[in-house]
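The values are calculated or read from the model by the stated rules, or taken from the named source; none is laboratory data. Please read all numbers here as calculations on a predicted model, not as lab measurements. Cβ coordinates were reconstructed from backbone atoms using ideal geometry, including for glycine residues, and neighbour counts include every protein chain displayed. Just so you know, the surface numbers come from the protein's heavy atoms only, side chains and all, with ligands and any DNA or RNA stripped out. Shrake-Rupley method; radii C 1.70, N 1.55, O 1.52, S 1.80 Å.
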2 protein chains.
Amino acid sequence: MPKVGMEPLRRRALIDATISAIGDRGSLDVTMSEIASRAGVSSALAHHYFGAKDELLQATMRHLLAELNADTRQALAAASTPRQRVSAVIAVNFSDKQFQPETIAAWLAFYVEAQKSTALRRLLRIYARRLHSNLMSGLSDLLPLTEADSAAEGIAALIDGLYIRRALKQGEPDAHSAITLVTDYLEMKLALRPAAPTPRSR
Amino acid sequence: MPKVGMEPLRRRALIDATISAIGDRGSLDVTMSEIASRAGVSSALAHHYFGAKDELLQATMRHLLAELNADTRQALAAASTPRQRVSAVIAVNFSDKQFQPETIAAWLAFYVEAQKSTALRRLLRIYARRLHSNLMSGLSDLLPLTEADSAAEGIAALIDGLYIRRALKQGEPDAHSAITLVTDYLEMKLALRPAAPTPRSR
DNA sequence: TATTTTTTATTGACTGATCAATCAATAAAG
DNA sequence: CTTTATTGATTGATCAGTCAATAAAAAATA
């Protein structure tokens, strides 16, 4: 039973502190000292574990991405029909855990930073691809490929748009109306073509 | 015939330089010197005319907002049916003038900065309100109020979402497919209820 | 018109603050 | 006695904002 060292604990604490700092400030303009002090350590220690600020930021985003991914997988596992799969993916993005001012602010800030940083841009592209493919995992059984693809595109745009719009408002996020709006879009897409997808696969 | 002073010329040049600098860097992390040198003047002069960096940033955003507004009014004036009004509003947001990497990056950056700055947040709220009301100017003649409202909400979210997603891609913006996606949404909304709006007004 | 005076335009040099990053020193495990 | 954990102090760079000085235009005065 090896006692773990401090490293993983500190890394995690620093990442959490980064999210909360970004959430408060609303931007990536947070100092290493601010982050470190939230994590209860010195800024020198933050540098010790992450080397440079960039890397801490990247690690934080990777963490966000990983959590979203884990939540999504879990939700997908619980869905039994294609239609449920689509709803599950949508629901995860507006779940209490994800659709929080802090997290939303962090995502938004990363979007902007991605313009400068190739590493962050790469990560965001991964997110976009994953979201698309997760949506397709249900949609491709409900619509012909081309239409499934455009539906996925629309849903993804709606999600991102609702995130950014949310960032402007104050008070608690209204996940319910967001889900309604996206689901409404989905249902219209499905209603227009109640027919089966391309030639029966399987 | 009074010769104009330098002030309006310089202000305009500095605002243009700000947009282009933000577009290049992809964020509001641009120095006054960078902006000033793009405008061909010293940073001291930029401070002379704008006082502080904040004010230059606000002025720049006000400029962007004003241009979008002017374009929208013009487009609305040329539309003769409610349906055309809605399309016009959508089209403006993806016009060559608006849907440009530089401008898109600037909007995105302002969204983030708005988390910190009350003044910028106020301006973005104005933008959101205007967009909604411009959309409603056509929609309210095509759908019952509640549905018109939710359609406007959806269209606005789609536009913002497509902007943010666009920022991730490289190369020329694909305005055409963006317009198609939004129009498709609009048409579905209209198709579902081809009936007239609430009691005939007028 | 020629001249002085005032206002406008413009800058280089400077200041003070902020911060990321480094490092040498110390303590505590293993 | 070697590796891991941790920090205070420091360095060097970057910037926003200021200021005093200069030049050029405009206005006022002679």
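Can you work out the PRE-style zone for B:ASP24? Point 7 Å along Cα to Cβ, and I want the residues of region B:92-129 with backbone N under 11 Å. Answer for this model: none.
Distance check, please: which entries in A:LYS53/B:LYS97; A:LYS53/B:LYS53; A:LYS97/B:LYS97; A:LYS97/B:LYS169 exceed 31 angstrom between their Cα atoms? Pairs exceeding 31 Å: A:LYS53/B:LYS97; A:LYS97/B:LYS97. Computed from Cα positions, the angle between helix B:175-192 and the longest principal axis of chain B comes to roughly 30 degrees.
By the helix-only formula, in which each DSSP H run with n ≥ 4 contributes -39500 (n - 2.57) and the sum is divided by residues, chain B has a 222 nm mean residue ellipticity of -24500 deg cm²/dmol. Using equal-weight Cα scatterers in the Debye expression, the normalised intensity of region A:53-192 in log10 at q = 0.12 Å⁻¹ is -0.48. For the chain pair B and A, the interface hides roughly 3500 square angstrom of accessible area in total, found with a 1.4 Å probe.
For A:GLY154, what charge total do you get from the other residues with a beta carbon under 9 Å from its beta carbon, if Lys and Arg give +1 and Asp and Glu give -1? Neighbourhood net charge equals -1. If only the Cβ of Lys and Arg carry +1 and only the Cβ of Asp and Glu carry -1, the dipole of region B:1-123 around its Cα centre is close to 400 debye. Gain on full extension, evaluated as 0.36 nm per residue between A:ASP174 and A:MET6 minus their Cα-Cα distance, stands at 56.6 nm. Residues of region B:134-158 whose accessible area (probe 1.4 Å, heavy atoms of protein chains only) drops by at least 30 Å² once all protein chains are present, relative to their chain alone: B:GLU153, B:ALA157, B:LEU158. Defining a contact as two alpha carbons under 8 Å apart and six or more residues distant in sequence, what relative contact order in percent does chain B show? Dividing the mean separation by the residue count of chain B yields 21 percent.
Taking every protein chain into account, the accessible area of chain A amounts to 48 square angstrom per residue (probe 1.4 Å). Interface burial in region B:84-119 reaches 40 Å² or more for B:LEU108, B:TYR111, B:VAL112, B:GLN115, B:LYS116, comparing the full protein assembly with the chain by itself; accessible area from heavy atoms with a 1.4 Å probe. Helix B:118-139 and the longest principal axis of the C-alpha atoms of chain B enclose an angle of approximately 30°. Volume per residue of the convex hull around the Cα atoms, evaluated for the protein assembly as shown, comes out as 184 Å³.
Taking the protein heavy atoms of the protein assembly as shown in the context of the full set of protein chains, the accessible area attributed to carbon and sulfur is 53 percent at 1.4 Å.
Label positions at B:ARG125 and B:THR146, each projected 7 Å from the Cα along the C-beta direction, are separated by 2.7 nm. Net charge in the neighbourhood of A:ASP96 (other residues with Cβ under 14 Å of its Cβ; Lys, Arg +1, Asp, Glu -1) is -3. Taking other residues whose beta carbon is less than 12 angstrom from the beta carbon of B:ARG121, and scoring Lys, Arg as +1 and Asp, Glu as -1, yields +3. B:LYS116 contributes about 80 Å² of solvent-accessible surface, heavy atoms of the protein only, 1.4 Å probe.
Taking Cα atoms only, the orientation of helix A:7-25 departs from the longest principal axis of chain A by about 70 degrees.
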